[in-house]
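First comes the structure, then the notes that go with it.
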Amino acid sequence: MTYLGLDLGSKTIGVAISESGIIAHTLTTLRFREDDYTEALKLTIKLIEEHQAKVIVLGLPKHMNNDIGIRGKISEDFSNELIKNKIECILWDERLSTKTALQTMAKGSEKRSKQKAKKDELAAVLILQNYLDYKGANHVTR
């Protein structure tokens with residue numbers, strides 16, 4: 001089963017993929033006009049179909065106190081649109097995923113301009129990998 005992890009921003013969607021359901025890796029960054037989530041949805045559905053993804057794990061940005069703000073509401077609405085299109089979508093708490101992605105890259109040797117371009121994809125990997133780890137940990141036979 002193929003999983004896609006999504007990190008939805010105002011102009012980009014970082015995308016990660018896992019065909020094994022065990023390990024996530026970067027796939028691409030989708031770009032759209034700022035706050036044009038209709039365009040973002042079309043691009044996402046096309047990518048889902050292209051990779052025959054069965055489960056989408058969409059990052060849900062929350063405030064540290066667990067409240068859902070404007071960005072979180074946008075993710076919820078985006079998830080609902082995917083579901084209306086008969087696509088299984090799981091909202092996954094993504095607090096600190098972009099910050100962690102930037103910190104991880106800062107430790108590497110890539111130039112800052114390349115880091116900025118890849119941060120959305122790496123954040124998507126963190127979202128998807130955290131979900132896969134959680135799912136795997138809860139299905140282990142003891």
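The values are calculated or read from the model by the stated rules, or taken from the named source; none is laboratory data. Predicted model, so just to flag it, every value in this text is computed and none were measured. All Cβ positions, even for glycine, are placed from backbone atoms using ideal geometry, and neighbour counts span all protein chains on display.
Quick rundown of the values:
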| quantity | calculated |
| --- | --- |
| Check on Met64, modelled with pLDDT under 95, touching a Lys or Arg at 6+ places or on another chain (Cβ under 8 Å), outside any helix (DSSP H, G or I) and among the hydrophobic types (A, V, I, L, M, F, W, C) | yes |
| Single residue of the range 81-121 satisfying the filter (out of contact with any strand residue (DSSP E or B) (no Cβ under 8 Å at 6 or more places or on another chain) and modelled with pLDDT of 85 or more) that is surrounded by the fewest Cβ atoms within 10 Å (Cβ to Cβ) | Lys86 |
| Flag for Glu81 being charged (D, E, K, R) and under 19 Å from Leu128 (Cα atoms) | no |
| Test result for Glu76, modelled with pLDDT of 95 or more and over 14 Å from the mean Cα position of the chain (by Cα) | no |
| Hits in the range 42-62 (condition: in contact (Cβ under 8 Å) with a residue 12 or more places away in the chain and exposed (fewer than 12 other Cβ atoms within 10 Å of the Cβ)) | Gln52 |
